[in-house]
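Worksheet for the structure shown next.
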Amino acid sequence: MTKKSPTQYLPLTHTTFYILISLTTPLHGYGIMQKVEEMSNGDVILGPGTLYGALSKLEKQKIISKTDEDHERRKCYVLTKLGKQVVKLEWDRLQKLVEITRNSVENMEVTKHL
């Protein structure tokens, strides 16, 4: 079995990136939904179906794992080593994208359409 490269998971959707960033500390599903909404200033609101579908996929990809951090019945999730690598690579990719396009966008004239 070949080891998967973190780069194969890039680029991430903005929703997946928010989910992964929220998991820098162990969280259960409802906590993830709250943190993503807070971090995105309400731009990203996750429904349970979307969230748990994403968590299942990310767990199968070994990007996140369940943890026994919370001794209640809730399942908590945390980033794996691979997950941390994926987040860092995505952050680097986004930073590079912003830097490469900065001058073009800053010098772009935008006209308002009524």
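Determine which member of the set Val110, Val105 is at pLDDT below 95, out of contact with any Pro (no Cβ under 6 Å at 6 or more places or on another chain) and open to solvent by 100 Å² or more (accessible area, probe 1.4 Å).
Numbers: Val105 fails: open to solvent by 100 Å² or more (accessible area, probe 1.4 Å).
Just one listed residue meets the conditions, Val110.
In the stretch 50-91, what residues are more than 14 Å from Phe17 (Cβ to Cβ), free of Cβ contacts under 8 Å to residues at least 24 places away in the same chain and among the aromatic types (Phe, Trp, Tyr)?
Of everything in the stretch 50-91, just one residue is more than 14 Å from Phe17 (Cβ to Cβ), free of Cβ contacts under 8 Å to residues at least 24 places away in the same chain and among the aromatic types (Phe, Trp, Tyr), namely Tyr52.
Write out, first by first residue and then by second, each pair whose Cβ atoms fall under 9 Å of each other, whose residues are 6+ apart or on separate chains, and whose first residue, in the stretch 1-30, is without any contact (Cβ under 8 Å) to a residue 40 or more places away in the chain while the second is among the hydroxyl-bearing types (Ser, Thr, Tyr) and open to solvent by 30 Å² or more (accessible area, probe 1.4 Å).
Thr15/Thr50
Let's see how each residue does on (1) of a type in the set (Val, Ile, Thr); (2) within 16 Å of Thr13 (Cα to Cα); (3) in a helix (DSSP H, G or I):
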residue: Asn41; (1), (2), (3): no, no, no
residue: Ala54; (1), (2), (3): no, yes, yes
residue: Lys96; (1), (2), (3): no, no, yes
residue: Glu109; (1), (2), (3): no, no, no
residue: Lys112; (1), (2), (3): no, no, no
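Of (1) free of Cβ contacts under 8 Å to residues at least 24 places away in the same chain; (2) surrounded by fewer than 16 Cβ atoms within 10 Å (Cβ to Cβ), Met33 satisfies all except one. Which?
All conditions are met except number (2).
The values are calculated or read from the model by the stated rules, or taken from the named source; none is laboratory data. The structure presented is a predicted model; accordingly, all values stated were derived computationally and were not measured. Positions of Cβ are generated from backbone atoms using ideal geometry, with glycine treated the same way; all protein chains shown enter the neighbour counts. SASA here: full protein model, heavy atoms, side chains in, ligands and nucleic acids out. Shrake-Rupley method; radii C 1.70, N 1.55, O 1.52, S 1.80 Å.
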